[in-house]
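The values are calculated or read from the model by the stated rules, or taken from the named source; none is laboratory data. This one's a predicted model, so the numbers in the text were calculated from it and none came from an experiment. Note: ideal-geometry Cβ built from the backbone for every residue, glycine included; neighbour counts use all protein chains shown. Just the protein is used for accessible areas: all its heavy atoms, side chains included, with ligands, DNA and RNA removed. Shrake-Rupley method; radii C 1.70, N 1.55, O 1.52, S 1.80 Å.
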Amino acid sequence: MTQLSAHELIMDIPDRADGVPLNLDIRPGQVWGVLGPNGAGKTTLLHTLAGLRRPRSGEVLLDGESLRRQRRRRVARALAVIFQDRLDGFPATVLETVLIGRHPWLAPWDLETAEDVRLAREALARLELSELEARLVNTLSGGERQRVAIATALAQTPELWLADEPTNHLDLRHQVEVMELLHGQAQSGNAVFLCLHDLNLAARWCDHLLLLYPDGQACWGPAADMLVPDALERLYDQPLARAEVDGAPVFVPAGAGPIPSANPHAHGRTP
């Protein structure tokens, strides 16, 4: 099973000084959630971990070897990326789009096999998209297109998921279904790393959390250690009230800030 690691990693964010170097391992069976306000660097971190952006310093390791020195086909087979925003470059049906997830497994110039089509259709069924397989993607709603992106990653059969706001545009039921799908991927032995805006989705489904502060500071570790009001209030500069529903913590806004600027929790810690 695939493991992705950040070693002394500092993201390259323009006009921001170096922050805390990240040293963390995204291991099989784990669901990591990345939390932070707008501009904290969540998307930049995900792109860096995917090898799409160079870090300022440090490196990303895939199974102990530098990601930059590995063949892109090997990386593409191991790692799926779900982007927050996507552009439809050319007209394609839903099925044709999901079949893109099978491309890392095809030899150059090969066409998709019946097995590839079967995996794509299974992914469509899992995301409740089977009836839309002949529709052009650019005719779909935002939520439907998001589910197509997740189905494409599912058809890829990766061992590591990197997802930037995977519940974007989704209604409540589909948010829950997508989070359950990703949680199930971890239970089957894959590793999952999610950038999230919804604190309560992270509290419900993530077993590890990384908190990114706007000044480049960070802390990370088991979710139970990170889901404390003091650290979260300073993260979002917003007072929070904590409750518990079905054994999981729930956080809601509690009045208005500001929160004191001192941040004793913003330091690196190992998982």
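Find the residue count for segment 237-271, including only residues that are surrounded by 10 or more Cβ atoms within 10 Å (Cβ to Cβ), modelled with pLDDT of 90 or more and among the small types (Gly, Ala, Ser).
Result for segment 237-271: 1.
Kindly indicate which of Leu129, Leu111 is at pLDDT below 95 and among the hydrophobic types (A, V, I, L, M, F, W, C).
Numbers: Leu129 fails: at pLDDT below 95.
Checking each option against the conditions leaves just Leu111.
Determine whether segment 18-28 contains at least one residue that is in contact with a Pro (Cβ under 6 Å, 6 or more places away or on another chain) and β-branched (Val, Ile, Thr).
No, the conditions are met nowhere in segment 18-28.
Got at least one residue in segment 169-177 being modelled with pLDDT of 95 or more and either open to solvent by less than 10 Å² (accessible area, probe 1.4 Å) or over 25 Å from Phe251 (Cβ atoms) (or both)?
no
Test Ser5 against the stated conditions and say whether it is under 18 Å from the mean Cα position of the chain (by Cα) and of a type in the set (Gly, Ala, Ser). Break it down into steps so the answer makes sense when it comes.
Working: under 18 Å from the mean Cα position of the chain (by Cα): yes; of a type in the set (Gly, Ala, Ser): yes.
Considered against the rule, which asks whether it is under 18 Å from the mean Cα position of the chain (by Cα) and of a type in the set (Gly, Ala, Ser), Ser5 comes out as yes.
Please specify each residue of segment 24-53 satisfying the condition of being touching a Phe, Trp or Tyr at 6+ places or on another chain (Cβ under 9 Å) and in a strand (DSSP E or B).
Leu24, Ile26, Val31, Trp32, Gly33, Val34, Leu35, listed by residue number.
Looking at this structure, is Ala202 in contact with a Lys or Arg (Cβ under 8 Å, 6 or more places away or on another chain) and either within 23 Å of Gly41 (Cβ to Cβ) or modelled with pLDDT under 95 (or both)?
On the way: in contact with a Lys or Arg (Cβ under 8 Å, 6 or more places away or on another chain): no; either within 23 Å of Gly41 (Cβ to Cβ) or modelled with pLDDT under 95 (or both): yes.
The answer is no for Ala202.
Scan segment 44-58 for residues that are open to solvent by less than 50 Å² (accessible area, probe 1.4 Å) and touching a strand residue (DSSP E or B) at 6+ places or on another chain (Cβ under 6 Å) and jot them down.
Leu46, Leu49, Ala50, Pro55, Ser57, Gly58, listed by residue number.
Test Pro14 against the criterion of being open to solvent by 20 Å² or more (accessible area, probe 1.4 Å), modelled with pLDDT of 95 or more and part of a loop (DSSP other than H, G, I, E, B), and give yes or no. Steps first, please.
Numbers: open to solvent by 20 Å² or more (accessible area, probe 1.4 Å): yes; modelled with pLDDT of 95 or more: no; part of a loop (DSSP other than H, G, I, E, B): yes.
So Pro14 fails the test.
Restricting the search to segment 146-168, which residues are out of contact with any Ser or Thr (no Cβ under 9 Å at 6 or more places or on another chain) and at pLDDT 95 or above? Can you show your working first?
Of the residues in segment 146-168, the ones out of contact with any Ser or Thr (no Cβ under 9 Å at 6 or more places or on another chain) are 147, 150, 153-157, 161-163, 166-168.
Answer for segment 146-168, where residues must be out of contact with any Ser or Thr (no Cβ under 9 Å at 6 or more places or on another chain) and at pLDDT 95 or above: Arg147, Ile150, Ala153, Leu154, Ala155, Gln156, Thr157, Trp161, Leu162, Ala163, Pro166, Thr167.
With the requirement that a residue be more than 16 Å from His169 (Cα to Cα) and under 14 Å from the mean Cα position of the chain (by Cα), what does segment 200-210 give you? Full working, then the answer.
Applying the first criterion (more than 16 Å from His169 (Cα to Cα)) to segment 200-210 yields 200, 202-210.
Result: Ala202, Trp205, Cys206, Asp207, His208, Leu209, Leu210.
Failed condition for Ser188, given (1) open to solvent by less than 10 Å² (accessible area, probe 1.4 Å); (2) at pLDDT 95 or above, with all others met?
(1)
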